[in-house]
Each structure stands twice: as C-alpha cells, then as structure tokens.
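Derivation of every value follows stated rules applied to the coordinates shown; laboratory data play no part. Note that the structure is predicted; figures quoted are calculated from it, not measured. Here the Cβ positions follow ideal geometry from the backbone for every residue, glycine too, while neighbour counts run over all protein chains shown.
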C-alpha cells in the first residue's frame, strides 16, 4: 500500500482492492471479522431471528465521545436490543470517498472492532465501495445486524397499557447536542460527549430478571419525542411525562438554549425508553441502576387512556403537547 | 408531500421523514415490506444462517437491462446463493442525495419491490438517510441479506479438487460493458443489456438434483478472472479455461475491443461459476440448461494440480496466465 489515501481503484475489484482488504480492513477488524467471500454461514442458536439495518452518515466523522465507527456498531446493536434480541452478528458496508486518508479509515475500523468486541458481536461479512471525490463525505457506513430473540420475549409497542410506567435509561438528548456543538464550533468547555453506547446488556438484564417489558424504543433521530410519539401511535395510549423528572444534563440544557433546541428533540445513541407495568417499575429501575450504562435510569411518566399524544406536564400542572419537528433541525447526526 | 425532490429534512427524523416513509417508500415496496421500527423479528426455518451485505453505488442509476434497485436485490440474493443458501430476507439501507427527484426514488423502489417479488425474498427492515447535494450521487443502496443453508450443503472454494469441471452459467462480462457503454455514450445499437438477474433458483435446482457442487462464485467486480483467482487461491488448484469455450456475446466482445477491455475482467451480475466433480458435470449442465436464467450454461475448463493460477488455453494450445487488473478500469459498475 504505497498510497495513503483511498483511490477509486481501491473499489474496482482488482489488486488494489484486494490490498485494501488484506492490509487495512481485515487487520483492523482483527479476530472478530471472518473473511467469507460472498456470505457468512453461521450456526444460529434456537429462537426467532431479529434483523435490522442502519446507515451512518454522521458529520464530523470524529466527535467528542465517539466516532462513526463506534456509532455504527452501537446503533445497530441497540436496534436489535429494542426488539428484545441478543445481538450476535454484524455486517459492515463501507462507502469510501476517493481521497479519504487511510489513517482516518484505520481509526474508524479500529473503533468498529473495539465496539464490536465490547458488545460481544462479530463482524461476519463486509463490502467496500469507493466513489469519486465530491460524491461522498469520507466514509459512510452501513451496519446490518442479526440476533436471536429468546423464547417467550414479545416486546411490541402495541403492548403498552394505560397505567404502564415510562422509564428513561439515562440522560436524554446528548448525542445530538454533541454533534451539533462539534459541527458549529460552539466551543463548549469541556465539550459535551456523545452518549454513544450499547444498551444491549441492560436490556438483557431486564429480561433475565423477569421484568415484563411491554415496549422499548431508542430515541435516535427525532429524539425522545419522535420515539414516544411512535409508541403512542402504536399503542393508542396518551403518554404523559413529568417535566421535572426528565433527565437532561446541565451542559446539554445550556447548549440547547444557545441552539434554540428542545433536548427532547435531540437524539441519543446510548439510551432507551421503556414501558413496563406499574408493579414492575421499581424492580426494573433497580435492575437498570445496577448496570453501568443505565445507572441513571429514572421513571419519567406514565401511559394513560386517551388520545395517542405525548404530553409534558409541568410542575405547575400545566400540560403541553410535544409534537414532532418537521425535521430540518439536525441533519446528519447519525 | 408537496415537494418533488428529496430534501435534507427528509432525513431528520421528523414529520417530513415520516411522510417520505409512509407516502413513498413503504407504498412502493408494497406487501413485501414490513414496517418494524427497530428490527424485524422472524421465524427462521431450521438450518445454518447465511448473512451477507453489499452496497451499490452504480452510475448511472438506470441502465439498459436494469437499474440500481434491481441490481441491489440481485447482487445480495446471488451472494447468498453462492453460499448454497436459500435467500429469504433483505434489509434496505438508502442514502439519498438532497435534490434527488422523488420520481427517480419511486422508480428505484418499484424495481426493488419487483425484483424481491421475483426472487421470493422479503424486505424486512430498512433505513433512510439524506446527505447534502454534493455528498452523494442520487441514491446509494445497501442491501444486506439473510438466508438458510440446507443441512448437508457445504459449498467451499477449498473443496475444489484436480479434475473438477468448471462451469459458466451463461455469457460472461455483460454487465460491466452495459454500464460502461451507457456511461461513455458508446451508442451501441441495440444497447448491450445488463445480465442483472437472480441465480438463486438455478443454484437450488443444482442442489435439489443432488449435484455435488464443490464451489460457486459470482463474477462481479473484477470479472471472471477475479472470481477464478479467488477459487484458485483458496483451493490451491490451477484453473485452466479453454478459450473457445468461454461464452461471450458478440456485442460484448465488440464493445470490449473498442474499450480495450478483456471480457473476463468485466463484471456479470446474473452469472456464476461452479466447480463440480467431472462425473457430475453432465448432469449439472442438464439441470442448469433447464432453468431459464442459466439455459446457456457451458463447461469452460478444468481444475488441475499445479500452482494456483488462472490460465486461458488458446485453440493453438498456447497457455496464457490471466491476472487481476489493478482495478482502475471499471469504477462504480455496481
């Protein structure tokens, strides 16, 4: 590999592509990648299969608290966990822009490898394409994932019932603010770190403890409001949040004021919202608080009978309906 | 949907994104898509699981014989088939460029849907991202796929033995020429159509007939030479092709002469190469010739003991080694 940037020829199926694969990509992914040429063949344990896909186009590629590689692993692992699945395997699709420094590619791949290791998942298949300069933005990553849903687990937003307690697994809105602050050079000191993390272990702990989880959703694009509105629509329940119970870090709240943004519209990448029966809420919180990534889990509200809306109830008792933004606010945060 | 092009807000997680999904993407995919929010949960039949991923960045998006949507389905279905798997499920990751006409998106999605229907696979999960104009090229698609490998099937390039017969499932090199001719305005009349197609039914027919298939490989980027070199390297066998037996259409041969390209370096997207024991070759060809997509299947050579090289033997008896191009020739053909 004499060149130190990605060239178009690296995607042409010839010797340079083979070199990129053998000298850069596979070594970076290490023992967790296996080199099946067409498709990986895997021994699946029993249970239903969960499949998901996510592409990542975040800008900048590297940001406080993470980078596109960690994000791609966490995002897909979390999507599997939200279905109650145990994440097992990832595929990795890279779209590289001509001119990308190979050093950046190596850093991203090292992050993919480290995050996969931490999450206990294996990268089993991959693909690399190269596009001309001006038709990409460094690296776009698709991670698709497969996992197994244990027998007896049936997590569905339709299962939410009036009376269910809504839990937040930690502080909300941080990832979106971290990206925006990095991109807009807000100069926050210290910088707000992304919350990018896997929540799969926390979900597994809940299920292992026998908590009757009705629904799970990770508040990514669109933030907590978008996630909750989907749960409200699916279940036909009104979801009422207690304003003073919503966990938002002070630095995130401050940055949101500067940006004119509601933290509940800002994405997380290492958090989830859960609906559990009221008589399981205390146990659920105890379980979550015993797992590092969800140690700050709290109850934030309840599902009640009514129209499928998301409501913020202020300390004064005033209720405000939270609505989905049109979507212009936060492009390319994941 | 008042706008008729993709806007950044279509990727923001808000109302516009929900509209794109509900009004354009899901209707286009029709009954073969199911709307799992995070991950699809599937009842997997018994057998080993095959997983694969492929991103598609072909330019132009629409070309004689296909488009990026059909290609994305066929490419991934074929990767599964090459592992001996029965393709079952696809995931669909879209990276849209701001400004893409929605009409183009609808056409691509209609192709995805039609191709999935033809192949008997279901699109079970999806994701859509939007990047700014000048950071994409209309549509990039990732299709990841899952399938099941029947018990007893063990297709591995390492299984090739000296004496095995090499089969080509049809004419070679057509897709690469179709794309290049479309892009370079070669003005071939009639235009060379891509061979984009699923070969899964043909592979299933081979396996169902009890043919002891040793190895399968689809000659995509890098063409037949790249695919055969991988088989040679994996098996340690010398692969000798009989020049006059190699099936190349006249129009493809003519275009390759204009382009200064060896058809064996040009990609196919609906063909495969197979290695079978000599005493199974006749049956294998009969089976393939009974399936429409592989009706022109022929034997093109043999594996012999020797160094792992790919050899073209001319009618004169002269042998020439075929080597992988560096890779500059054919960017973004898939």
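If you count the DSSP beta bridges with both ends in chain A, what percent of them are antiparallel, to the nearest 5?
Values: 41 of 55 bridges.
Counting only bridges with both partners in chain A, antiparallel ones make up about 75 percent.
What do the square roots of 5 times the Cα gyration tensor eigenvalues come to for the protein assembly as shown, in whole Å, largest first, as semi-axes of the equivalent ellipsoid? List each step's numbers first, then the result.
Values: eigenvalues 435, 127, 94 Å².
Computed over the protein assembly as shown, the values are 47, 25, 22 Å.
May I have the extent of the alpha carbons of the stretch B:157-322 along their three principal axes, as whole Å values ordered from largest to smallest?
Dimensions of the stretch B:157-322 along the principal axes of its Cα atoms: 45, 35, 26 Å.
Let's test the formula: R0 of 25 Å, r as the Cβ-Cβ distance of residue B:304 and residue A:23. What FRET efficiency results, to the nearest 0.05?
Working: r = 31 Å, r/R0 = 1.23.
The formula returns an efficiency of 0.25 here.
Once the label point is placed 7 Å from Cα along Cβ, list for residue B:132 the distances to the corresponding points in the other copies, in nm, shortest first.
Computed spacing set for this position: 2.0 nm.
Is the shape of the stretch B:8-149 best called rounded, prolate or oblate, per the rule: a/c under 1.5 gives rounded, else a/b larger than b/c gives prolate, else oblate, with a ≥ b ≥ c the square roots of the Cα gyration tensor eigenvalues? All intermediate terms of the calculation are to be shown ahead of the outcome.
Details: a/c = 2.00, a/b = 1.46, b/c = 1.36.
Prolate, since a/c reaches 1.5 and a/b exceeds b/c.
Kindly work out what percent of the DSSP beta bridges joining two residues of the protein assembly as shown are antiparallel, to the nearest 5. Each step should come with its number before you reach the end.
Working: 88 of 116 bridges.
Beta bridges within the protein assembly as shown, antiparallel portion: roughly 75 percent.
Determine, from the Cβ-Cβ distance of residue A:183 and residue A:133 and an R0 of 25 Å, the FRET efficiency 1/(1 + (r/R0)^6), rounded to the nearest 0.05.
On the way: r = 21 Å, r/R0 = 0.83.
It comes out at approximately 0.75.
Determine the percent antiparallel among the DSSP beta bridges restricted to the stretch A:8-149, to the nearest 5.
Values: 21 of 31 bridges.
Around 70 percent antiparallel, to the nearest 5.
State, to one decimal in nm and shortest first, how far the label point of residue B:236 sits from each corresponding label point in the other identical copies (label point: 7 angstrom along Cα-to-Cβ).
Reported distances to equivalent positions: 6.7 nm.
Relative to the longest principal axis of chain A, what angle (0 to 90°, nearest 10) does the C-alpha long axis of helix A:250-259 take?
80 degrees
Using a Förster distance of 45 angstrom, determine the FRET efficiency expected from the C-beta separation of residue A:118 and residue B:244, and round it to 0.05. Working shown, then result.
Numbers: r = 56 Å, r/R0 = 1.25.
Calculated value: 0.20.
Other chains near B:137-150: what is the mean number of their Cβ atoms within 10 Å of each residue's Cβ? Intermediate results must be reported in sequence, preceding the final value.
Numbers: counts 5, 1, 0, 10, 3, 14, 5, 15, 5, 9, 2, 3, 3, 0.
Per residue, the number of nearby Cβ atoms from other chains is 5 on average.
If you count, for every residue in A:86-96, the Cβ atoms of partner chains within 10 Å of its Cβ, what is the mean? Please list the in-between numbers first.
Details: counts 0, 1, 2, 3, 3, 9, 2, 10, 3, 7, 0.
Per residue, the average neighbour count from other chains is 4.
What nm distance separates the two modelled labels at residue B:233 and residue A:156, each placed 7 Å from Cα along Cα→Cβ?
4.8 nm
What ranking, highest mean first, results for peptides A:42-52, B:89-99, A:116-126 when packing means the other Cβ atoms within 10 Å averaged over each residue?
On the way: A:42-52: 19.5, B:89-99: 24.2, A:116-126: 21.9.
For the peptides A:42-52, B:89-99, A:116-126, the packing ranking is B:89-99, A:116-126, A:42-52.
Rounded if a/c is under 1.5, else prolate if a/b is larger than b/c, else oblate: which is the stretch B:277-331, with a ≥ b ≥ c the root eigenvalues of its Cα gyration tensor?
Oblate, since a/c reaches 1.5 and b/c is not below a/b.
Taking chain A as a Gaussian network, Cα atoms linked when under 10 Å apart, which of A:53, A:76, A:316 shows the biggest mean-square fluctuation?
For chain A, modelled as a Gaussian network with Cα springs under 10 Å, the answer is A:316.
By how many degrees, between 0 and 90 and to the nearest 10, does the Cα long axis of helix A:223-235 differ from the longest principal axis of chain A?
Here the helix axis deviates by roughly 60 degrees.
If you take the square roots of the eigenvalues of the alpha-carbon gyration tensor of the stretch A:112-157 and sort them as a ≥ b ≥ c, do you get rounded (a/c under 1.5), prolate (a/b over b/c) or oblate?
Values: a/c = 3.19, a/b = 2.13, b/c = 1.50.
Prolate shape, in that a/c is at least 1.5 and a/b is the bigger ratio.
Using a basic spin-label model with each label point 7 Å from the Cα along Cα→Cβ, how many nm lie between residue A:4 and residue A:321?
Reported label-point gap for residue A:4 and residue A:321 is 5.8 nm.
Compute the separation of the alpha-carbon centres of the stretch A:107-136 and the stretch B:244-289 and state it in Å as a whole number.
Taking the Cα centre of each part, the stretch A:107-136 and the stretch B:244-289 sit 33 Å apart.
For residue A:156, go 7 angstrom from Cα along the Cα-to-Cβ vector, then report the distances to that same point in the other copies in nm, smallest first.
Result for residue A:156, in nm, nearest copy first: 4.2.
Can you tell me, using C-alpha contacts under 8 Å and at least 6 residues apart, the relative contact order of chain A as a whole percent?
On the way: 792 pairs, mean separation 75.1, N = 334.
Reported as a whole number, the value is 22 percent.
Can you give the convex hull volume of the alpha carbon atoms of chain B per residue, in Å³? List each step's numbers first, then the result.
Details: hull volume 44.4 nm³, N = 334.
Output value, Cα hull per residue: 133 Å³.
For the stretch B:233-295, compute Rh as the Kirkwood radius over C-alpha pairs and then the Stokes-Einstein diffusion coefficient at 4 °C and 1.567 mPa s; write the answer in µm²/s, rounded to an integer.
Value of D from the Cα-based Kirkwood radius: 91 µm²/s.
Report, in deg cm²/dmol and to the nearest 500, the calculated mean residue ellipticity at 222 nm for chain A, where each DSSP H run with n ≥ 4 adds -39500 (n - 2.57) and the sum is divided by the residue count. It would help to have the intermediate numbers written out before the result.
Values: 9 runs with 97 residues, N = 334.
Result for chain A: -8500 deg cm²/dmol, rounded to the nearest 500.
In degrees between 0 and 90, to the nearest 10, how far off the longest principal axis of chain B does helix B:174-183 point, with axes built from Cα atoms?
Rounded to the nearest ten degrees, it is 50.
How well do other chains shield peptide B:119-126, expressed as the mean number of their Cβ atoms within 10 Å of each residue Cβ?
Values: counts 0, 0, 0, 0, 1, 5, 9, 4.
What the average comes to for B:119-126 is 2.
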